[in-house]
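Asks: Just dropping this structure here.
Bear in mind that the values in this text are calculations on the coordinates, not laboratory data. This structure is a prediction, so every number in the text was calculated from the model and none was measured. As a convention, Cβ positions derive from the backbone with ideal geometry for all residues, glycine included, and neighbour counts pool all protein chains shown.
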Amino acid sequence: MSLRFIALLIMTFLAITFSGNHCVYSDNTMAMNSCQEILNNARSYESRATWHNQVAKGLMQQIQNLSSMPKNPGTMQAIENLFQQYDQNRQMETQMRQLFRQYSEQAQQCMKSLN
């Protein structure tokens, strides 16, 4: 994932979070609470995506370290296992980023409907 893409995601999130009126006044408190819950879910997915990204980076470092060791069946199996874990974490990161975007859009639409 490119640095530009990550920066764009962060800027989008900050724009959604800090744009417009900071205090939403509504007669329907339950609707406002629902919007806040959707936003909290989006933030949760973003933090989980970041966590999976960090785990994948750590796994890649382990793979690189094992690659410099002498080749034998044990190291080859360990590298294969690490690659599987790496792929799983990258896949989970992608899914979490997708859910983050989806929930962010829903939260934004929800807040607009309150105004």
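Asks: Between residue 88 and residue 12, what is the FRET efficiency for a Förster distance of 22 Å, r being their Cβ-Cβ separation, to the nearest 0.05?
Replies: That pair, residue 88 with residue 12, gives E of 0.25.
Asks: Quick one: if you take sqrt(5λ) for each eigenvalue of the C-alpha gyration tensor of the stretch 37-89, what semi-axes come out, biggest first, whole angstrom?
Replies: They are 33, 9, 4 Å, listed from largest to smallest.
Asks: Moving on. Which shape class applies to the stretch 60-115: rounded if a/c is under 1.5, otherwise prolate when a/b exceeds b/c and oblate if not, where a ≥ b ≥ c are the square roots of the Cα gyration tensor eigenvalues?
Replies: Taking the square roots of the gyration eigenvalues as a ≥ b ≥ c, the stretch 60-115 is prolate.
Asks: Of the trypsin sites (Lys or Arg not before Pro) in the stretch 59-101, which ones lie in a loop per DSSP and count no more than 12 other C-beta atoms within 10 Å?
Replies: Answer in residue order: 71.
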